[in-house]
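A short worksheet on the structure shown next.
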Protein chains: 2
Amino acid sequence: MRAELLAVGDELLYGDIVNGNAAWLGGQLADVGVTLERSVVVGDDVGTIAAAIRSALDRADTVLITGGLGPTQDDLTREGVAAAAGGVEVRRVEALADELARRYERQGRGDALPSMNFRQAELPVGAEPLPNLAGTAPGVRMEIGAGVVYAMPGVPFEMTAMFTASVLPDLLRRAGQPAVVVHRVLRTAGMWESSVAQALAEAVDRLAPIGNPRIAFLASEGQTRVRITARARDRAEADVLIAPVETAARAALGDGVYGSDDDTLEGVVLALLGARSATLAVAESITGGLLAGRLTEVPGSSAVFRGGVVSYATQVKASVLGVDADVLATRGPVSAETAAAMATGVRDRLGADYGLSTTGVAGPGSAQGHPPGTVHLGLAGPRGVITRLVRLPGDRARVRMFAVVSALDLLRRTLTVGSDVAV
Amino acid sequence: MRAELLAVGDELLYGDIVNGNAAWLGGQLADVGVTLERSVVVGDDVGTIAAAIRSALDRADTVLITGGLGPTQDDLTREGVAAAAGGVEVRRVEALADELARRYERQGRGDALPSMNFRQAELPVGAEPLPNLAGTAPGVRMEIGAGVVYAMPGVPFEMTAMFTASVLPDLLRRAGQPAVVVHRVLRTAGMWESSVAQALAEAVDRLAPIGNPRIAFLASEGQTRVRITARARDRAEADVLIAPVETAARAALGDGVYGSDDDTLEGVVLALLGARSATLAVAESITGGLLAGRLTEVPGSSAVFRGGVVSYATQVKASVLGVDADVLATRGPVSAETAAAMATGVRDRLGADYGLSTTGVAGPGSAQGHPPGTVHLGLAGPRGVITRLVRLPGDRARVRMFAVVSALDLLRRTLTVGSDVAV
């Protein structure tokens, strides 16, 4: 099955917004083996929309449209689909109008739905509505010749909900394919994308040779995700396809895997600490507050996270964290000894069970004889203190981001070795 | 003049990357009054690329292509342009090959340029090269019939450099328009986009009524930028067009404007402190490290920024920052009194000239009777301490981001009132 995308909206052409919908839909179609051959953006003009639909249907079996379903005069996708279908009428559907009015009434604004909004209750004759689970405008499904056109809203969360619930199942049915697509994501930290891919090479060849399940590697922000995608008749069958691949992947990646699906590294670290009723404090130099900022992104983190000290000036490392002036003078602020003393100092001063520290050189340029990317991490706990030296690539922002991930991952790995915690 | 965009690359269709180039080029073309009618993405296939170019030239005067100029076998834009031009030959240009080899040699790797890379020295017969100021692959300019095709690299910073230096001047010349486009950006903080637009409404009508200069408002991350764009024959003439609009805009916006062009709020704050030889420390509760993280993004910030305390747990506010236990008990951690004591405490304990603090409720949900978005800021200096209560919109992440911007802006405004600094 061959597909084309058509996004409608002047704001896309003028560059006011980026066409992220196309990237998301492209990924979804690739996952289920539908070939996407072209992706087009046009402005708010009925003739242009209709011409783009007709020319796409000359080449492809289906056209997925996003945008242009709103209530205003420049929302013209319904009229464009009608024109592409040979000029059929666009007509108000009373059941849709009633539903729009009821929905508005439930919001309790006390006035009547503005009449312009009833444009969203109109459909080309011969089209079917697609339910909008996340907003007001219904989608449009229309067969034109041997092809089928789906029109979805441009608002991303409305579009993704409608695609998943209505468009994808219908597409797969037309393609004679199984009807559900299930993803399982394994999240790794402390491994580069190439190491993850290499570790899984054998498992991929053995367990996913025919493309179902399909395995993809996605690297971003210092972490690599492994996405296992299965197509099947139902959820249970998809789970059966995914299970052996997931088991093999987890075995190959070992403790590189910190979680699955929507887990975050900071969330997993906080949960590991919470399960031990342990608290955490951080002492930051190179990361300058970003480590604390990441931990406090998580709602409820205050149950575990006591706080931190950003000891940016060397003197603050001594005065606030109690790092020995002698250590700072002889080993320097960028050293394992300083990292250890920072971790111990913040644990002590903030009354936490664990103290985690970062010190290093973010760049640009070397400092105190150390090249950018040199980072010492410290972790102090009830049983003692450990340090790690890591060498991180990239510019100032990337070195700092990798240092945050490395520090969180050091704590995670230390807490997950079982009862035998080193610190 | 009517233009179309064509982006080439399977990775765009599969959703591995978002087509940000199209949004950037769309904005650039809108700025100079070129009408962008369509934006298309196709995969790495010569026939498809050629068909897309031909069909775009049927409708438009120019086609701007991005991507497919790399050295590998799936980089096929040169061949696509040649096919669209009626099947002309793609031929190696010795001058380009020499330049590629020299460039490689200058990188000092010691080996010879891999032969595949010489594909980047090839051009369709009749085309001209466009210099690549930021990378290796030259661009392609080719007249086909009455239209002109420009092919640029897909790597964003190479593309933007080539568009600005070569493509845009050539386009404007063909359109019979002035030859340079100059932007001046005024950066504001502490004002919503609608307030900025309203403050400038009169100035816009009076000074920029005919669209040259053109004024745009761009809101992101709690700040609003005012972009003044002028087209002129040369830089000096553009500056003359921009000057009165900039003067009027600055007068209308007053101390809402913190800087221009590439300035950042944190950079301006650090520079203001540096000019007074003053130092800064921060005490963070709601922002949880993000304020310190933002200040330490700036290389060289260590000359001014001493560090901070993330006093997330209430007890840490007392033990590390010395906030009075009585204040915490009677006024609560989310109060002006606590914000003032945090600012004073961190100024004192870290030995800084200024102490800046944040405490509040990020959400989701209320805390201690305060709705999410309630934020108290404190600023302590040599002459005393001030506080501000702000009410910020949005979810947890946005409230925290707005709180960082509000705190930086409080410090900026206090430092820029001249010699009469309140704190």
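Derivation of every value follows stated rules applied to the coordinates shown; laboratory data play no part. Please read these numbers as outputs of a predicted model, since none were measured by experiment. No Cβ is skipped: glycine too gets one built from the backbone with ideal geometry, and neighbour counts run over all protein chains shown.
Tabulated data for the structure shown
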quantity	calculated
Volume per residue that the Cα convex hull of region B:2-174 spans, once the total is divided by residue count, Å³	110
Under 5 Å, built H, 5+ apart or other chain: amide partners of A:Asp44	A:Gly9, A:Asp10
³J(HN,Hα), Karplus 6.51/-1.76/1.60, whole Hz, each residue of region A:169-185, x for Gly, Pro	x, 5, 4, 5, 4, 4, 7, x, 9, x, 9, 10, 10, 10, 9, 10, 10
With Cα atoms, 0 to 90° folded angle of helix B:265-275 axis to chain B main axis	60
Karplus-derived HN-Hα couplings along region A:127-142 (A = 6.51, B = -1.76, C = 1.60, θ = phi - 60°), whole Hz, x at Gly and Pro	8, 10, x, 10, x, 9, 7, 10, x, 9, 6, x, x, 10, 10, 9
Between helix A:94-106 and chain A: long-axis angle, C-alpha atoms, 0 to 90°, nearest 10	40
Lys, Arg +1 and Asp, Glu -1 on Cβ, resulting dipole of chain B about Cα centre, debye, nearest 20	1220
DSSP-defined antiparallel bridges as percent of all bridges, the protein assembly as shown, nearest 5	65
Percent breakdown of C-alpha pair distances by 10 Å bin, ordered from the shortest bin, for region B:227-323	13, 29, 25, 19, 9, 4, 0
Computed log₁₀ I(q)/I(0) - Debye formula, equal Cα scatterers, no solvent, region B:284-423, q 0.20, 0.22 Å⁻¹	-1.22, -1.44
Coordinate range along principal axes, alpha carbons of chain A, Å, largest first	85, 56, 41
Inter-copy separations for A:Gln368, label at 7 Å along Cα-Cβ, nm, ascending	3.7
For A:Thr374, distant residues with modelled amide H under 5 Å away	A:Val361, A:Leu392
Using a 7 Å Cα-to-Cβ projection, B:Val240 label spacings across copies, nm, ascending	8.0
Mean ellipticity per residue at 222 nm, deg cm²/dmol - from DSSP H runs of n ≥ 4 across chain A, formula -39500 (n - 2.57)	-11500 deg cm²/dmol
Mean separation of Cα contacts under 8 Å (6+ apart) over length of region B:1-142, as relative contact order %	22
Charge dipole (chain B, unit charges on Cβ, about Cα centre) - positive-most of B:Leu356, B:Gly33, B:Gly108	B:Leu356
Cleavage-rule hits (GluC sites (Glu not before Pro)) in region B:41-131: DSSP loop, at most 15 neighbouring Cβ within 10 angstrom	B:Glu89
Cα centre as origin, Lys/Arg/Asp/Glu Cβ charges: region A:111-177 dipole, Debye	200
Rh (Kirkwood; distinct C-alpha pairs) - region A:329-383, Å	11.6
Contact order normalised by residue count of chain A, Cα under 8 Å, 6+ apart, percent	10
Net +/- balance of residues flanking A:Ser301 in space, Cβ distance below 13 Å, scoring K and R +1, D and E -1	+2
Debye intensity ratio I(q)/I(0), log10, the protein assembly as shown, q values 0.07, 0.08, 0.09, 0.10 Å⁻¹ (C-alpha model)	-0.67, -0.89, -1.13, -1.36
Zero-based 10 Å bins, Cα pair distances in region A:110-257, whole percents	10, 28, 25, 20, 12, 5, 0
DSSP bridge pairs, chain A: antiparallel proportion in percent, nearest 5	65
Principal-axis tilt of helix A:336-349 within chain A, Cα atoms, nearest 10 degrees	80
3J(HN,Hα) from dihedral phi, region B:222-233, Karplus parametrisation 6.51/-1.76/1.60, rounded to Hz, x for glycine, proline	x, 10, 10, 9, 10, 9, 9, 10, 10, 9, 7, 6
Axis-nearest residue of B (beta carbon) for the B-onto-A rotation, whole Å	B:Gly289, 2
Assigned charges on the beta-carbon of Lys, Arg, Asp, Glu; the protein assembly as shown dipole about Cα centre (debye)	1860
Per-copy distances of the B:Asp395 label point, shortest first, in nm (7 angstrom along Cα→Cβ)	2.8
Amide H contacts of A:Thr416 (H built 1.01 Å from N, under 5 Å, at least 5 apart or other chain)	none
